[in-house]
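Everything below concerns the one structure shown next.
The values are calculated or read from the model by the stated rules, or taken from the named source; none is laboratory data. All values derive from a computational prediction rather than experimental measurement. Cβ placement follows ideal geometry from the backbone for every residue including glycine, while neighbour counts extend to all protein chains displayed.
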Amino acid sequence: MTWALLLITSVAPTALLCAVWALIPSPEEPPRWRVALADALEAVAHRLRHRHVEPYDPFRTLAVQERLGAVADHVRHLEGDERLFARAERIIASQLAYDQLLAEACRMAGVEVRPAAAGDAQERFREEVELAARGWTW
């Protein structure tokens, strides 16, 4: 009995000290149990988080459609005016603005925006067709 008591009194403080020592951060790689516990807690937190869904705003959609129409009219006007100074640069800048508005409209309509080079005519046409198929007009 005395051996058991001696063993318990010498092992218990050592085990407690090792447990406390493991909680102190070190510059070395964290123990695997901490990483596993952090991953498990993050998965639980991800499931518990409330996803806030923004309410649909039809006026925002209308504003984007109006801006798309205005920029498209501006590009058509630039393409028709042959005496305009720095016409090519203005057309390129206007088309890039149009592409940005198209990308915003696609995100609002749920259309996939594929990565493409700036000013890619094929991607612009695809986005316009997808938006028109979803009832967008400008």
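Between residues in the range 78-103 that are in contact (Cβ under 8 Å) with a residue 24 or more places away in the chain and residues that are assigned to a loop (DSSP other than H, G, I, E, B), which pairs lie under 6 Å by C-beta distance while being six or more apart or on different chains?
Listed by first residue and then by second, the contacts come to GLN95/GLY119; ALA103/VAL113.
Could you figure out which of (1) surrounded by 11 or more Cβ atoms within 10 Å (Cβ to Cβ); (2) modelled with pLDDT under 90 isn't true of THR137?
Tallying (1) surrounded by 11 or more Cβ atoms within 10 Å (Cβ to Cβ); (2) modelled with pLDDT under 90, THR137 fails exactly one: (1).
Restricting to the range 1-30, give me the number of residues that are outside any helix (DSSP H, G or I) and either of a type in the set (A, V, I, L, M, F, W, C) or touching a helix residue (DSSP H, G or I) at 6+ places or on another chain (Cβ under 7 Å) (or both). Steps first, answer last, please.
Initially, the range 1-30 is screened for residues outside any helix (DSSP H, G or I), giving 1, 24-30.
Then keep just the ones that are either of a type in the set (A, V, I, L, M, F, W, C) or touching a helix residue (DSSP H, G or I) at 6+ places or on another chain (Cβ under 7 Å) (or both); that gives 1, 24.
Total satisfying the criteria: 2.
With the checklist (1) at positive phi; (2) surrounded by 13 or more Cβ atoms within 10 Å (Cβ to Cβ) in hand, flag the one item GLY110 doesn't pass.
Condition (2) is where GLY110 drops out.
So that you can scan it fast, the table gives a plain yes or no per residue for (1) among the acidic types (Asp, Glu); (2) assigned by TED's automatic domain parsing to the domain that holds ASP73; (3) within 25 Å of TYR56 (Cβ to Cβ):
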site	(1), (2), (3)
GLN95	no, yes, no
LEU102	no, yes, yes
GLY110	no, yes, yes
ALA121	no, yes, no
ARG126	no, yes, yes
VAL129	no, yes, yes
TRP138	no, no, yes
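Would you check which residues across the range 66-84 are farther than 15 Å from ALA97 by Cβ and not in a loop (DSSP other than H, G, I, E, B) and list them?
If the condition is that a residue be farther than 15 Å from ALA97 by Cβ and not in a loop (DSSP other than H, G, I, E, B), then GLY80 is the only one that fits.
Yes or no, residue by residue, for (1) surrounded by 10 or more Cβ atoms within 10 Å (Cβ to Cβ); (2) hydrophobic (A, V, I, L, M, F, W, C):
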residue: LEU5; (1), (2): no, yes
residue: ALA19; (1), (2): no, yes
residue: ALA22; (1), (2): yes, yes
residue: PRO27; (1), (2): no, no
residue: VAL35; (1), (2): yes, yes
residue: ASP57; (1), (2): yes, no
residue: ARG67; (1), (2): yes, no
residue: ASP81; (1), (2): yes, no
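Return yes when LEU62 is assigned to a helix (DSSP H, G or I), more than 30 Å from LEU102 (Cα to Cα) and either free of Cβ contacts under 8 Å to residues at least 60 places away in the same chain or in contact with a strand residue (DSSP E or B) (Cβ under 8 Å, 6 or more places away or on another chain) (or both) and no when it is not. Step through it out loud before you land on a result.
On the way: assigned to a helix (DSSP H, G or I): yes; more than 30 Å from LEU102 (Cα to Cα): no; either free of Cβ contacts under 8 Å to residues at least 60 places away in the same chain or in contact with a strand residue (DSSP E or B) (Cβ under 8 Å, 6 or more places away or on another chain) (or both): yes.
Taking the combined requirement at face value, the residue does not satisfy it.
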